[in-house]
C-alpha cells in the first residue's frame, strides 16, 4: 500500500503519445527558440537574453507539445504575453521594491489574463522579467512590449502556425479544422445512447469550477471515441466485408441509361456503382438520379416522362443524358471492407445514403451495403448473444 501511494505521489501515469510525436515536438521547439534568440539578439546584449527568452521557452512547451490545448491557442499566447508585459512594466514603475513588485506583477497578470480569457502560464514569466530583468530591461520601459516581446510573439506564432500545420497529424490553432472521428457523431451530440449532449459537458465543467486544460471539442472527441470503443467491445469485431452483398451489380461510364434501368429492374436493386476498367468506383446511379432527370413537370405523366428519358435518342445529336457517366452521382461515397459496421451509421443516417459500395484496400469494388445488411447482421448478432447466454 505504501509503495502504491509513493508511486501515485511521485510517478505520473504513462501518457499515450508516441516517441516519434515527442521527438517532433522537441524539434519544432528547437526551430522556434532558435528564431526567437536570433530576433532578440538584434535588440539585447547576450547577457540580457536569458531573462527575455525564458518565457518564450515556456511557451514553446505549450505551442509545440500541446498545440491543441486551450492555453496554447493564439489569443492566450499573444494576449497573455502582451497584457502581462504591460502589467509588469507598470508595476515596476509604481513599486520600486523588487520583491513586492514581482509578487504583485505576477498575481495581477494571472488575474487579468483570467478575466480577458487569455490565460497563458508563460505570461507570468513575462511580467516577472520586467521587474527582475536588470537595468537593460528596465531601461526599455514600455518599449519592452514591442522589442522584444511583440517581436518574439510574432516570430514564435508564425513558426507555430507553419510547423504545426506541416507536421503529420497536426493542426494549429484548434479551430482551424475539425478531426473526423469514425464515430461520426456531431460536435453538439456527445453520446446518443446515454442522452449526453455537449451542454451536459459544459455543465460538468462549470461544476468543477477549475481551469481544465482541455478544449470542449477535444473533450467531446475523447468522450465519443471512448463510447465508440465501448460499443465495439460489446458488439465484437463485425466488419463491413462480413455483412456486405458480394454479388454486386455494377456499370461502366458508357453504359446506356436504358440498360441501367433494365438492370436495376431485373435485379430488384435501387443503386448501381459505376466503375472504371480497374474496378475503381467513380460514381453511383440510384433511382433518385433517374427521377432528378424527369422532376420538371411539363404536363405529361411521370411515367411518360421517364419512358421518354430512357428511350435512346435517334441520330448523332441529343439534348439529354444518354450514358451512366452522365447521370451518376460523383464522387461516390464508399467504405472499406475492413471497417467496423459502426462506421456505417453516420453514413446511412446522417448523410442520407442508402447504397454504399464496399471497396478493398486497393479501392476496387468488392460488394454493396444497404441498411438491410446492417439490420440483418445486428439481428443475427442478437440471436447469437442470446444463444450464448442460454448456454451459460
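The values are calculated or read from the model by the stated rules, or taken from the named source; none is laboratory data. What you are looking at is a predicted structure, and each value in this text was computed from that prediction instead of being measured. Glycine also receives a Cβ, built like all others from the backbone with ideal geometry; neighbour counts cover every protein chain displayed.
Residue 153 falls short on exactly one of the conditions (1) free of Cβ contacts under 8 Å to residues at least 60 places away in the same chain; (2) surrounded by 23 or more Cβ atoms within 10 Å (Cβ to Cβ), and that condition is (1). Taking segment 78-97 as the range and being within 11 Å of residue 126 (Cβ to Cβ), within 31 Å of the chain's Cα centre (by Cα) and in contact (Cβ under 8 Å) with a residue 60 or more places away in the chain as the test, the residues that pass are 81, 82. Of all residues in segment 335-352, at least one satisfies being modelled with pLDDT under 85 and part of a loop (DSSP other than H, G, I, E, B). Within segment 279-313, being within 16 Å of residue 258 (Cβ to Cβ) and over 45 Å from the mean Cα position of the chain (by Cα) holds for 303, 304, 305, 307, 308, 311, 312, 313.
I'd like the residue in segment 215-238 that is farther than 30 Å from residue 68 by Cα and surrounded by 15 or more Cβ atoms within 10 Å (Cβ to Cβ) and, out of all such residues, is modelled with the highest pLDDT. Step by step, filter segment 215-238, then rank; the result is 238.
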